[in-house]
């Protein structure tokens, strides 16, 4: 389980909004002075996220909490987000190239480029559709793990 600390900023009957601070992945290691990611994080400043979670612990505004997300959910979501558009881009470009090779299109790279672009947009629309389907799936939602003193 991936855990993150946060502060409750808003509460409703069912949900609580948790404010978390975005951190650099390597901002705390010994080589942070020579690390480009740490330098970029310092330049961009402190960023905050607000995350909606089910309020099953009955937390109140101002409470410090720990929220968690299953690693499998993060891995699957990342694969969907990154791989689907790339796969559809390459598949569409190769399909258009194959159709051009059998004579349905003129053998021009612009058609392959256009096919790849349309495939990429189709992949992004597929990601959007799939993420809307998963929006209410409890396996892909962060949960309140505990409150801190």
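Computed from the coordinates by the stated procedures, all read-outs in this text should not be read as laboratory data. Since the model is a prediction, treat every value here as computed from it, not as a measurement. Quick reminder, even Gly has a Cβ in these numbers, built from the backbone with ideal geometry, and neighbours come from all protein chains shown.
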| said: Give me the one-decimal nm value for the distance between modelled label points at residue 132 and residue 83, 7 Å along each residue's Cα-to-Cβ direction. | reply: 2.4 nm
| request: Consider just the alpha-carbon atoms of the range 68-146 and return their Rg together with their Dmax, both in angstrom. | output: 17.6, 63
| request: Express in nm, to one decimal, how much length is gained between residue 2 and residue 70 on full extension, taking 0.36 nm for each residue of separation and deducting their alpha carbon distance. | output: 23.9 nm
